[in-house]
Amino acid sequence: MSKNLKSALEKVRAEYADIRYEKKSETKIVFNGEDLTEIGSNTTDGYVIRILNKGGYSSVAFTDFQDHEKAIHSALENAHLMSSHAKQPVVFATTTALKEDYKPRLNGDPRDITIDEKTQLTRKYNSLAMQNPKVATTNISYIEMIREKHFLSTEGSEINEELITTRISGLITSRNGNLIQNVRAAVGGSNGFAILKNREDVFENKTRIAVDLLKAEPITGGCCNAIVNQSLGGVFTHEAFGHFSEADIIENNRSMREKMQIGARLGSEIVNITDDPTLTDQLGHYKYDDEGIAACRTFLLKNGVLVGRLHSRRTSAAYGEPVNGHCVAEDYRYAPIIRMGTIFMEPGKETFEELLDKLGNGFYILDAKGGQTSGENFTFGAQYGYVVNKGKIGKMVRDINISGNLYATLKNIEAIGADLKLSEVGGCGKGQANIRSCYGTPHLIINDLIIGGK
Amino acid sequence: MDDLLAIARTCSDQAELYSIEQTEDTIVFEDSKLHDIKSTIQSGITIRLIKDRKLGFAYSRNLRDKKSLVDSALASLKGGVEAKFDFPMSRGFPQLDTYDDKISETTNTMVVDECLRISSLLQEKTNAQIYIDAAKKTSRTKIMNSTGAHLSTNMSSYLIMPQILFPGSATGIYRSFVFKTFQRLDDQCLNDLAEMYNRGQREMKTAGGKMKVLFMPESMYAFIWRLQSATSGESIFHRQSPLAGKLGERIFSEKLTITDDALDDSKPGARPFDDEGVPCRKHVLVEKGVLRNYYYDLNYAAQMNAEPTGHGFKTTRWGGDTLSVKPAPVTKYLTIEPGKQDFGQLIKSMDRGIIVCGALGAHSGNIPNGDFSIGLSPGLYVDKGEIVGRIKEAMIAGNIYEVMKRVVGIEGKSYPAYTGYYPAVLFDDISVASRS
C-alpha cells in the first residue's frame, strides 16, 4: 500500500501534498424489538488526496486507485482556481515530519470475539428492555468500527494508526395509549470489547426511566435555574462552547472571531474547559490527526478566560497559533476538518447533595437527547428531569428542551460538582459524522436557562 | 455486475445487486471569499441474498474479488435475519427527465463566478457577511436481481444556497435553489432575501406567550420529520406511531395536503424506482388534513401485509455511509401543496408573531410523539403585520397533532428545502418561551 501511495504522491507537481488511505471494517448487529434485523461484517476502503500550491488548497476523495491521476488533476485545477481568487493565500503551519505505527492499547480486541458472542450480548441487553410490558419497541445495535489509516505526505511523514470503536446502544420506546416516550441507552468506547460486558444496570435503569416517563408531566416553559447532569453538561460544553473553539467555524465570521479572542473573559471564574485526545482510555482518543500532527492536550478556557482553540494546519497559520492535532475526518470519504477529541469541564469540589442545597428550587435535568448550536445560541434536548423543591428531588418531568446564549450561560454557571464523567458513545454531525466525539462535565448548576414547554 | 449476479445465484434462492457511482464538486464561499473547493469520485456495490427465507447483506467500495463479496453476504445470512419478502420483477417504468447533459460543461470556474456575482449583489444591498454553498453532482444507480430486474437511472443536480449572516451569529437569512444543471439565479429572489435580512436587523425581545408563528420552507422539516416518523411502515409495525389505525381520520387542518412524488421530474433527483427496484409513485400522505396512507419498503410492506409503495431507500440522517445501510422506508420527495396567499399577505395577517427562518435543535425531543421544542435560528419578529426585527433568545414548542390543526394560511409558492418542497405556513396559537 505504502508503495502505491508514494507513487501517487510522486505524480503531484505542487508545493505540498498528502494522501490518506483507509480500510474501514464495520460489524453491525441490529435488533428492532424482538427481531434481529441486521447482522454482518464488511470492509470498505478509499483515498483522500490534498494539495497545497501557490496559496490554493483543494482535496479529492476517491475510492478506486485507478482514479488517482484524475483526482490529482482535479485537485491541482481546483487549487489553481482557489489561488487565482485568494485574497489571502492558504498557508499550512510548519511541522516536523513524523514516522510511526500506532495501535491503541485494548482491553479485549473485538477482532478476537466471535460474532455469535457479540450477538448474544446485544440480545441480552435488548431483552432487558423488551421484557417490560410497557416497552413498545427497541432499536438496540452493536456497532464495531475498525479504521486502519495510512498517511503519507510530501514532507516525509508516514503514519499508520488504528482506531477501534465499539458500542452497544440505541433507543428504548415505551407506550401508553397514544403517549409515546423514548430514552437512549449506551455503553461503549475506544479501548476494546471489555467495556461492553457486565453493563446490564445501564439497560435496566434506562428501561425503568422510559416506563416512568409515561407517568411524568410535560415541563412548563419559561426561565429557570437547574442542575444538569454530566451527559447534559457535556453536550452543553461540546455544542455551545466547543464548536466555537474550533477555529474553522469562526475563521471568517467577523463578529464571532472578535468575541472569541484569546484573553477574552467568556465565563464565570470557576469554569475550566480542556480538550484532550491523548486520554488513552477515552472514546475520543487518537495519537495523530489526519494531517499527521500529534494530538495535544489543549486548554481552552481557564478560570473563565479563553486561552486556546482547536486547529488544523491551515487555521493555525491563519491565526498565528500553535497546531494541536485536531483535524480529523469521518473516514476515507472526506478530507479532514477541525473536530473536538475529548472535551470536558474540569471538576470542582461540591458534592451532588451540596449542589441540590445550593439550587433550592428549580429542576434536575438529565441525559442528552441531541443538541445544536448557531452562533452564540444553542438548543439541546434532555431525556428526563425532576422538579427540585427546597433542595429535594420531586416529581419527574418530560419533553425538555433547553435554549440559551453561550456567553450568558457560561457566566451563569454557579457551581461545579466533583463528579466528572465522560461519554462512552458519541455522534457529532458537523458535515461529517464523528462517532468518537467524547464529552463530559461534573454535575453543574446553571442559572436562568430557557426551557421550551407547552 | 452480470458476473457477480451469476455467482450469487448459484449459492442463493434470490439475489439482488445495487451499485452507485457518484461525482461531486463542492464550492464554499465565506465572507464573500472563495474558501474551499473539494471533490469526490466514489462508487460502491451492495448485495442482498435470500436463502431458505433468511436474508444476507454485504457491501464494498472496490470490487476486487467478487467471490469474497458473495461470501460476506453468505456469512451475514447465517445470522438468521428473516426475509419476509421477495425481490421484485419490475418492468415498464416511465422515462423521467433526470439528467441534463449540460452538467458536464459546468466548470467550477463558472460556479465560482456565479458565487462572486451573488456575493457582490447581496453585500451591496445589506453590507453583511455573505456565505454561499454550491455543489454540482452526478450519479448513476443500477439495480439487478435474480428475478430479472435490470434497472438504471442517471441523475444530475446543481445546488446553490446563499446566506446573509446576522452579526454575532452563524446563521441568517438563507434559501436553497436546486436545478438539474447550472443556472444563473434570478436577481429578484436575491433581492427578496436581502429585503428580509434588512427588516430583521434590529435585535428585539418578546414577552413570550401564545402567538402566530410563520414557518419558512427552510424550517418546515421540524414538523415534517415528526410526520415522516409517524407515517413510516417501520413505525407502524413497531408500535411507535401515534397515527397507527388512523387512516381516514382528520389529523391536520383541511388546508394541508402533503404528498410524496418521486416521479415529478420537473425537480432534480426524480426516480422511477426506489433502491429495491420497486416502482415509485405519487403517494398522498395527508389529503386536506385527512391521513390517507403510510409508506413502505419491501420488508415492512410484507410484515404489515401491505403493498410496497416504492419508498425503500438507502439513507442516513447524520452523516454515515449510505452504502452500508439496507433500504428502509423513507420519503425523499415530500411536498406541501401551496395555498393561495402571497408571502406579504401572510405577514400582514399576523398582528404579533414570529417567523421561524431556521429551526435549532429540531432533532431533539420526542419525535415519535410529535412533540417539538426548537430554538430560532434565526427568528424574525412581526408587529402589526410588519417585520420589525429579530428575536435572539426564544423557544417555540408544541405537538404537531395540535399545532398543524391551526393553520391560518399557506404561501402560494413552494421552495426546495431540507426533506422536500414547501411553502411558508402560518400557524396560530403556538407557545413561545423567551427571556423578556
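Mind giving me the FRET efficiency for A:PHE352 and B:ASP429? R0 is 51 Å, r the Cβ-Cβ distance, nearest 0.05 is fine. Don't skip to the answer; put the middle values down first.
Values: r = 40 Å, r/R0 = 0.78.
The computed FRET efficiency comes out at 0.80.
Take the Cα radius of gyration of the range B:26-166 and divide it by 2.2 N^0.38 Å, with N its residue count; two decimals is plenty. Please report the intermediate quantities before stating the final value.
Numbers: Rg = 22.4 Å, N = 141, 2.2 N^0.38 = 14.4 Å.
Working it through for the range B:26-166, the quotient is 1.55.
Mind putting a number on the dipole of the range B:56-119 about its Cα centre? Charges go on the C-beta only, +1 for Lys and Arg and -1 for Asp and Glu, and I need it in Debye to the nearest 20.
Working: 9 positive and 10 negative charges, 99 e Å.
Using Cβ point charges on Lys, Arg, Asp and Glu, the range B:56-119 gives about 480 debye.
Show me the ranking of peptides B:2-13, A:103-114 by mean Cβ neighbours inside 10 Å, starting with the highest.
Numbers: B:2-13: 15.3, A:103-114: 13.8.
Listed from highest to lowest mean packing, they are B:2-13, A:103-114.
Hey, got a sec? Which trypsin sites (Lys or Arg not before Pro) in the range A:297-366 land in a DSSP loop and have at most 15 other Cβ atoms within 10 Å?
A:ARG297, A:LYS349
Using the number of other C-beta atoms within 10 angstrom as an exposure proxy, rank A:ILE393, A:ILE293 with the fewest first.
Working: A:ILE393 14, A:ILE293 23.
Taking fewest neighbouring Cβ atoms as first place, the list is A:ILE393, A:ILE293.
Along the charge dipole of chain B, which of B:GLY344, B:ALA75, B:TYR59 sits closest to the positive end, that is, farthest toward it, with unit charges on the beta carbon of Lys, Arg, Asp and Glu (+1, +1, -1, -1)?
It is B:ALA75.
Which residues does a label at A:CYS223 reach in the range A:350-387, if reach means a backbone N under 20 Å from a point 7 Å past the Cα toward the Cβ?
From the range A:350-387, the list is A:359-365, A:376-380.
Report the relative contact order of chain B, percent, no decimals, based on alpha-carbon pairs under 8 angstrom and at least 6 residues apart. Write out the running numbers ahead of the final one.
Details: 1100 pairs, mean separation 69.6, N = 436.
With pairs under 8 Å counted, the relative contact order is 16 percent.
Once you mark the GluC sites (Glu not before Pro) that are in a DSSP loop and have at most 15 other Cβ atoms within 10 Å, what is the longest gap between them in chain B?
Values: sites that count: B:GLU249, B:GLU254.
Looking at chain B, B:1-248 is the longest stretch - no exposed GluC sites (Glu not before Pro) with at most 15 other Cβ atoms within 10 Å.
Counting only helical runs of four or more DSSP H residues, what would the 222 nm mean residue ellipticity of chain A come to if each run contributes -39,500 (n - 2.57) and the total is spread over all its residues? Kindly include the intermediate steps, with their values, before the conclusion.
On the way: 10 runs with 94 residues, N = 454.
Dividing the helical sum by the residues of chain A leaves -6000 deg cm²/dmol.
What is the antiparallel percent of DSSP beta bridges lying wholly in the range A:334-454, to the nearest 5?
Numbers: 31 of 35 bridges.
Of the beta bridges lying entirely in the range A:334-454, close to 90 percent run antiparallel.
What would the Debye formula give as log10 I(q)/I(0) at q = 0.15, 0.16, 0.26 Å⁻¹ for the alpha-carbon point model of the range B:112-196, no solvent?
Debye curve over Cα of the range B:112-196, log10 I(q)/I(0) at q = 0.15, 0.16, 0.26 Å⁻¹: -0.60, -0.65, -1.26.
Summing Lys, Arg as +1 and Asp, Glu as -1, what charge do residues with Cβ under 9 Å from the Cβ of A:ARG175 carry, A:ARG175 excluded?
Details: positive: A:LYS134, B:ARG239; negative: none.
Neighbourhood net charge equals +2.
Using only Cα atoms, tell me the angle between helix B:108-126 and the longest principal axis of chain B; keep it within 0 to 90° and round to the nearest 10.
20
Quick one: divide the alpha-carbon radius of gyration of the protein assembly as shown by 2.2 N^0.38 Å and tell me what you get.
0.90
Taking K and R as +1 and D and E as -1, what net charge do the other residues with C-beta under 12 Å from the C-beta of A:GLY325 add up to? Walk me through the intermediate numbers first.
Numbers: positive: A:LYS287, A:ARG297, A:ARG313, A:ARG339; negative: A:GLU161, A:ASP275, A:ASP276, A:ASP289, A:ASP290, A:GLU291.
Here the charged neighbours net out to -2.
About its Cα centre, what dipole magnitude does the range B:1-62 give when the only charges are +1 on Lys and Arg Cβ and -1 on Asp and Glu Cβ, stated in debye to the nearest 20?
Numbers: 8 positive and 11 negative charges, 93 e Å.
It comes to approximately 440 debye.
So for chain A, taking the charge dipole from beta-carbon charges (+1 Lys/Arg, -1 Asp/Glu), which of A:ASN405, A:HIS326, A:LEU52 sits furthest toward the positive end?
The Cα lying farthest towards the positive end belongs to A:ASN405.
Please sort by residue number the chymotrypsin sites (Phe, Trp or Tyr not before Pro) in the range B:68-151 whose DSSP state is loop and whose Cβ has at most 10 other Cβ atoms within 10 Å. Intermediate values should be presented prior to the final figure.
Working: sites: B:PHE85, B:TYR99, B:TYR131; in loops: B:PHE85, B:TYR99.
Sparse-neighbourhood loop chymotrypsin sites (Phe, Trp or Tyr not before Pro): none present.
Applying 1/(1 + (r/R0)^6) with R0 = 35 Å to the Cβ-Cβ distance of B:LYS210 and A:ASN176, what FRET efficiency is obtained, to the nearest 0.05? Walk me through the numbers before you get to the answer.
Working: r = 27 Å, r/R0 = 0.78.
Calculated transfer efficiency: 0.80.
How many Cβ atoms of partner chains, on average, are near each residue of B:252-262 if near means within 10 Å of its Cβ?
Values: counts 0, 0, 0, 0, 0, 0, 0, 0, 0, 0, 0.
Partner Cβ neighbours, averaged per residue: 0.
Which Cα, out of A:ILE338, B:PHE179, B:PRO329, lies furthest along the positive dipole direction of the protein assembly as shown (beta carbon charges, K/R +1, D/E -1)?
The listed residue farthest towards the positive side: B:PRO329.
Helix A:115-130 against the longest principal axis of chain A: what's the angle in degrees, Cα atoms only, rounded to the nearest 10?
For A:115-130 against chain A, the angle is about 30 degrees.
How large is the translational diffusion coefficient of chain A in µm² per second when you combine the Kirkwood radius over alpha carbon pairs with Stokes-Einstein at 20 °C and 1.002 mPa s? Don't skip to the end; give the middle numbers.
On the way: Rh = 23.4 Å.
The calculation lands on 92 µm²/s.
Considering chain B as a Gaussian network with a 10 Å cut-off on Cα pairs, which listed residue, B:PRO242, B:PRO272, B:PRO94, attains the greatest mean-square fluctuation?
Comparing B:PRO242, B:PRO272, B:PRO94 in the GNM, the peak value goes to B:PRO94.
Hey, which of these cross-link pairs are over 19 Å Cα-Cα: A:LYS24/B:LYS84; A:LYS149/A:LYS430; A:LYS430/B:LYS38?
Beyond 19 Å: A:LYS24/B:LYS84; A:LYS149/A:LYS430.
How far apart, in nanometres, would the label points at B:LYS288 and A:PHE299 be if each is projected 7 angstrom from Cα along the Cα-to-Cβ direction?
6.9
Is there a simple number for the mean count of other chain Cβ atoms within 10 Å of the Cβ of residues in B:59-67, and what is it? Provide the component values of the computation, followed by the final result.
Working: counts 5, 5, 12, 8, 1, 2, 0, 0, 0.
Mean partner shielding for this stretch: 4.
Return the distance in nm (one decimal) between the two label points of a simple spin-label model at B:MET89 and B:ASP71, each offset 7 Å from Cα along Cα→Cβ.
That separation, rounded to one decimal, is 3.4 nm.
Per residue of A:214-220, how many C-beta atoms from partner chains lie within 10 Å of its own C-beta, taken as a mean? Walk me through the intermediate numbers first.
Working: counts 0, 0, 0, 0, 5, 2, 2.
Taking the mean over all residues of the peptide, I get 1.
Using the crude model of +1 on Lys and Arg Cβ and -1 on Asp and Glu Cβ, and no other charge, please compute the dipole size for the range B:2-194 relative to its Cα centre, in debye to 20.
On the way: 24 positive and 26 negative charges, 177 e Å.
Computed about the Cα centre, the dipole is about 860 debye.
What does the charge add up to near B:ALA83, with Lys and Arg as +1, Asp and Glu as -1, over the other residues with Cβ less than 10 Å from its Cβ?
Result for the local shell: +1.
When only Cα pairs under 8 Å and 6 or more residues apart are kept, what is the percent relative contact order across the range B:202-436? Present the calculation step by step, with values, prior to reporting the outcome.
Numbers: 605 pairs, mean separation 70.7, N = 235.
It rounds to 30 percent for the range B:202-436.
Over the Cα atoms of the range B:202-436, what radius of gyration and what Dmax do you get, in Å?
When restricted to Cα atoms, the range B:202-436 yields Rg and Dmax of 18.1, 56 Å.
Give the distance, in whole Å, between the Cα centre of the range B:36-82 and the Cα centre of the range A:119-180.
The range B:36-82 and the range A:119-180 have Cα centres separated by 20 Å.
If you average the sequence gap of Cα pairs under 8 Å that are 6 or more apart and divide by the length of the range A:218-452, what percent do you get for the contact order? Kindly include the intermediate steps, with their values, before the conclusion.
On the way: 636 pairs, mean separation 72.1, N = 235.
Normalised by residue count, the contact order of the range A:218-452 is 31 percent.
Can you pull the semi-axes for chain B, root of five times each eigenvalue of the Cα gyration tensor, sorted largest first, whole Å? Numbers along the way, then the final one.
Details: eigenvalues 329, 151, 62 Å².
Semi-axis lengths for chain B are 41, 27, 18 Å.
Could you give the distance between the Cα centres of the range B:177-193 and the range B:233-281, to the whole Å?
29
Computed from the coordinates by the stated procedures, all read-outs in this text should not be read as laboratory data. Everything quoted here is computed from the prediction, not taken from an experiment. All Cβ positions, even for glycine, are placed from backbone atoms using ideal geometry, and neighbour counts span all protein chains on display.
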